[in-house]
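FYI, it's all coordinate maths here, none of it is from the lab. These numbers come from a predicted model, not from an experiment. Backbone-built Cβ (ideal geometry, glycine too); neighbour counts: all protein chains shown.
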Amino acid sequence: MKEMSLIKNQKLSSIFFVEIAEILNREIFYGQKNQKFLVTLIKIYITPDMNLIKVYISIYPFLDKEILKIIRSKSKFYRKLLSHRLRYRVKKIPKLNFFLII
């Protein structure tokens, strides 16, 4: 039983990883025209109860807390986009919480 949940968690993690990376890439590229920076999705962690996804990102070429603040403020919007993209594959879309990796 434990192996099954581990496999399920790995599959969900890979699905969420790809979709969150695409959403971040598209939304941040179109949202910030005046600044040149790159947001990279490093890792995600899904809690066992599927209530929260911890998203670890890196910002290049500089670590800007304002960019992280903007991303965190749009987390509900990103969750909504995620639910539209995964509506036929995943029943429950967890909340997104973003962390900056230095």
Open item on the list: Suppose a student asked you for the relative contact order of region 2-100, using Cα pairs under 8 Å spaced at least 6 residues apart; what percent would you report?
Closed with: 29
Task: HN-Hα J in Hz across region 66-73 - Karplus 6.51, -1.76, 1.60, θ = phi - 60°, x for Gly and Pro - done: 5, 5, 4, 4, 5, 4, 5, 5
Open item on the list: Once you place label points 7 Å from the Cα toward the Cβ at Lys8 and Asp49, how far apart are they in nm?
Closed with: 1.6
Task: Using θ = phi - 60° and Karplus 6.51 cos²θ - 1.76 cosθ + 1.60, couplings along region 95-102 (whole Hz; Gly, Pro as x) - done: 5, 10, 10, 9, 10, 9, 9, 8
Task: Computed E for Leu38/Lys95 - FRET, C-beta separation, R0 35 angstrom, nearest 0.05 - done: 0.90
- [ ] Stick to Cα atoms and the Kirkwood definition of Rh, then tell me Rg/Rh for region 2-100.
- [x] 0.98
TODO: Scan the chain and report its longest stretch carrying no chymotrypsin sites (Phe, Trp or Tyr not before Pro) that are both in a DSSP loop and have at most 11 other Cβ atoms within 10 Å.
DONE: 1-61
- [ ] Grab the other residues whose beta carbon is less than 10 angstrom from that of Glu19, score K and R as +1, D and E as -1, and report the net.
- [x] +1
TODO: Per DSSP H run of at least 4 residues, take -39500 (n - 2.57); add these up for the chain, divide by its residues and hand me the 222 nm value, nearest 500 deg cm²/dmol.
DONE: -16500 deg cm²/dmol
- [ ] Can you spot the aspartates and glutamates whose alpha carbon is less than 18 Å from Lys91's alpha carbon? Ignore those fewer than 8 places along the same chain.
- [x] Glu19, Asp49
Task: Of Lys11/Lys54; Lys36/Lys95; Lys11/Lys69, pairs whose Cα-Cα distance is over 20 Å - done: Lys36/Lys95; Lys11/Lys69
TODO: Note down the net charge around Phe62, summing +1 for each Lys or Arg and -1 for each Asp or Glu among other residues with Cβ under 15 Å from its Cβ.
DONE: +1
Open item on the list: What do you get for the angle between helix 75-85 and the principal long axis of the chain? Use alpha-carbon atoms, 0 to 90 degrees, nearest ten.
Closed with: 50
Task: Filtered trypsin sites (Lys or Arg not before Pro), region 50-102: DSSP coil and at most 11 other beta carbons within 10 Å - done: Arg87, Arg89, Lys91, Lys92
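Calculated FRET efficiency, Ser83 and Phe62, Cβ-Cβ r, R0 22 Å, to nearest 0.05?
0.10
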